[in-house]
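Below: one structure, written as structure tokens.
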Amino acid sequence: MALFARILIALCAAYCPLTAQDAADDRTPIDDPTFTRVADYYAYDPDLPLHAKVLDTQIYDPQHPYAVDKVHFRSSHNEVVPGLFAYPRNDSACAAVVLLHGNNGSQGIDHHWVRSWLDILGQAGYCALAIDAYGYGERFDPEQNKDMGLYEWRERTIQQATDTRRAIDYLYTRTQVDTTRIAVMGESMGGFIGIRAAGLDPRLAGLVLVVTAAGEFPTTGPFGRFANSLNFAPRVSAPVLMVNATEDEYATKAAVEELYAVLSQPKELIWHQSGHLILMPAQQRIILPWLAKHLSP
């Protein structure tokens, strides 16, 4: 997350054509006509063939209640999205959660947060789909982040949100998923991606944001209007849970409360006493009851 925060700050300093005072004041979500124009940049063809493949299936032992498929599916710009899909080993359709990892470079879906939540959700009887964000995991390229300009970052931001929506498209093809009960859960950078996708896609039944806050950019700036979570939050139609840390140096209390204020009801904000890393047992105690409440049949 530290690298991601520094990149955002550097981009804002380099490209936002506003004074420091203007930037501090410009925190109002954009209006509907402006958002419609922004949303056009995020538009994609939902009928685009997924060309989905199951590359491997893992069943850890005969008594294990769920299996995990290693999958690939196609997103916009012919991007191949790698993922792990966990599902109960029975014939009933269940609620599903799309997992979006934080800024972790080449780890992607191999990160501890993702693997832990795949197991927690699988054991609890949910389906779960974790994907490598564009530029991470199997899609990581150490040269890719060098010398990126404003519009390259904008395209990266749009691709990550589109990949998330294509993940929802993929869930619609899996017979194990009850498509009326799909949620997105993102940690840190994954929360930024998740709220953009949720602000654009009405199919979600829930959104969980872990250590996520308002964006740093002015909401009307050349990058911020496409990326700042403040612009997408008012358009989220699903219930939202925010889980944040009292000592977080990245998602600060002020930025968290700023984002929470512009979300529509129903919404809930829970504070945990820690830094940017909230340990998994604490996350589990907070998030599982919320998912059970909002994703129940």
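The values are calculated or read from the model by the stated rules, or taken from the named source; none is laboratory data. Values in this document were obtained by computation on a predicted structure and should not be read as measured data. Glycine gets a Cβ as well: all are built from the backbone with ideal geometry, and neighbour counts include every protein chain shown. Each accessible area value is taken on the protein alone, full model and side chains, heavy atoms only, with ligands, DNA and RNA left out. Shrake-Rupley method; radii C 1.70, N 1.55, O 1.52, S 1.80 Å.
Annotations for the structure displayed:
- Degrees separating the helix 280-294 axis from the principal Cα axis of the chain, which is the longest one: 80
- Gap separating the Cα centres of region 256-287 and region 50-87, nearest whole Å: 29
- Computed with a 1.4 Å probe over protein heavy atoms only, the accessible area of Asp147 comes to about 150 Å².
- Net dipole in debye of the chain [+1 Lys, Arg Cβ; -1 Asp, Glu Cβ; about Cα centre; nearest 20]: 520
- Only helices enter the 222 nm calculation for the chain: every DSSP H run of n ≥ 4 contributes -39,500 (n - 2.57), and dividing by all residues gives -11000 deg cm²/dmol, rounded to 500.
- Loop sites here are GluC sites (Glu not before Pro) outside DSSP states H, G, I, E and B with no more than 11 other Cβ atoms within 10 Å. The longest part of the chain free of them is 1-142.
- With every protein chain in place, the chain: carbon and sulfur % of accessible area (1.4 Å): 52
- Tail fraction, Cα-Cα pairs, region 128-190, threshold 14 Å, whole percent: 64
- Solvent-accessible surface (1.4 angstrom probe) belonging to Phe223, in square angstrom, nearest 10: 10
- Scoring 122-132, 270-280, 58-68 by mean Cβ neighbours within 10 Å over their residues and listing the highest first yields 122-132, 270-280, 58-68.
- Accessible surface computed residue by residue for the chain, with neighbouring protein chains in place and a 1.4 Å probe, gives 42 Å² per residue.
- Local electrostatic count at Leu277 - Lys and Arg +1, Asp and Glu -1, tallied over other residues with Cβ under 13 Å: -4
- Note: relative contact order over region 29-105, using C-alpha pairs below 8 Å and six or more positions apart, is 21 percent.
- For His101, residues with placed amide H under 5 Å, excluding near neighbours: Ile131, Ala133
- Amide H within-cut-off set for Ala67, under 5 Å, with H built and near neighbours excluded: Tyr87, Arg89
- Counted charge near Leu295, where neighbours are those whose Cβ lies closer than 15 Å (Asp, Glu -1; Lys, Arg +1): +1
- Angle between the chain longest axis and helix 112-123 axis [Cα atoms, degrees, rounded to 10]: 40
- Net charge contributed by nearby residues that have their C-beta within less than 15 Å of Arg156 (K/R +1, D/E -1): -4
- Under 5 Å, built H, 5+ apart or other chain: amide partners of Lys267: Val240
- Principal-axis analysis of the Cα atoms of the chain puts helix 2-15 at an angle of about 40° to the longest axis.
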